[in-house]
Amino acid sequence: MSPTATPIVTPSSPQSIEGAKGVGVLSPVSIASGVAKKSVSTADGFNTAWTHIVQSVTNRASHGDANLITVDLAPGESAQEFSTRLRMLLLVMNRADSSGGSISATVSPSFKDDTYPAMLALVKGFESSGASDGWKPDGPRSIRMGNAKHLFVSVDMPVADRSPSPNTLIEIVAAHRISSEWYDQRVSPRASSAGLTTVMFGVPNAPGSEYANSIFKRERTKNLSGRPGGIHFSRQLNWSATAAV
């Protein structure tokens with residue numbers, strides 16, 4: 001996402017979507033139009049948040065305001081299954097987008113712990129979908145389906161590229177481990193598209209100074225204060241939305 005970032009290469013670390021299988025080059029697979037419907041109906045604790053996020057992304061063409069959504073996770077809880085379904089849905093839903101192409105992105109603190117497992121989960125999701133429309137790797141850490149593209153960004157292992165800025169969704173994984181300073185320097189300048197939805201998953205009140213300076217704490221606090229375009233989801237309220245304005 002940052003065009004000025006210097007690539008960090010470690011021989012033992014997989015670097016691309018092509019290598020997400022562990023060996024060989026990733027073969028294109030396809031996804032049926034019914035996958036989107038199946039994904040939305042899958043029951044889990046994030047259903048309310050899922051519905052709101054999908055509606056926000058779907059309605060982006062009809063409103064110019066950006067939405068910023070924060071979602072609380074419990075310590076040790078992962079939103080990977082939720083996020084994988086969301087990425088698949090966006091790629092399927094926007095593959096025929098004729099408005100210049102839909103671009104979404106996932107930002108994570110660690111390539112090894114966050115980004116690579118997310119890429120692998122997306123690959124496996126497409127492989128098991130029994131689909132018909134092909135997708136393909138598109139750059140070191142991005143995947144394309146028709147006119148839709150999804151980027152993967154790691155704080156600790158950036159890739160220098162000139163990819164266009166996201167215009168559909170930016171998802172921040174483990175946002176309680178990402179500093180607000182880094183976010184303001186590397187993400188905010190690329191997150192200015194009208195109607196863009198930003199979703200941050202994080203653990204509230206995580207111990208240590210990392211959380212104190214995190215983008216999740218800052219944006220969560222703003223959402224709970226009732227800022228326009230901000231919404232917060234918490235299991236403490238049965239996943240109902242709070243501070244929606």
* **Stretchable slack from SER192 to ASN147, in nm (0.36 nm times residue separation minus alpha-carbon distance)** => 14.2 nm
* Asked: Using 0.36 nm per residue, how much length does the chain from GLU127 to ALA160 gain when fully extended, once their Cα-Cα distance is taken away?
  -> 9.0 nm
* **segment 60-187 - Debye-derived log10 I(q)/I(0), Cα point model, q = 0.13 Å⁻¹** => -0.54
* According to a simple spin-label model (label point 7 Å from Cα along Cα-to-Cβ), what is the distance in nm between ASN59 and GLN185? -> 3.7 nm
* Gain in span if fully extended, LYS222 to GLU77, counting 0.36 nm per residue against the direct Cα distance -> 49.9 nm
* Asked: Expressed as a whole number of Å, what is the distance separating the alpha-carbon centroids of segment 98-166 and segment 204-219?
  -> 26 Å
* **Fraction of antiparallel bridges per DSSP, segment 120-229 only, in percent to nearest 5** => 65 percent
* Asked: Using θ = phi - 60° and the Karplus curve 6.51 cos²θ - 1.76 cosθ + 1.60, what whole-Hz ³J(HN,Hα) does each residue of segment 213-220 get, with Gly and Pro shown as x?
  -> 9, 7, 5, 5, 4, 5, 6, 4
* Asked: Which cross-chain or sequence-distant (5 or more) residues have an amide H under 5 Å from the amide H of GLY146, H modelled 1.01 Å from N in plane?
  -> none
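Where a number appears in this text, it was derived from the coordinates with a stated rule and is not lab data. As the structure is a prediction and not an experimental result, all values here were calculated from the model. Methodologically, a virtual Cβ is constructed for each residue, glycine included, from the backbone with ideal geometry; neighbour enumeration extends over all protein chains shown.
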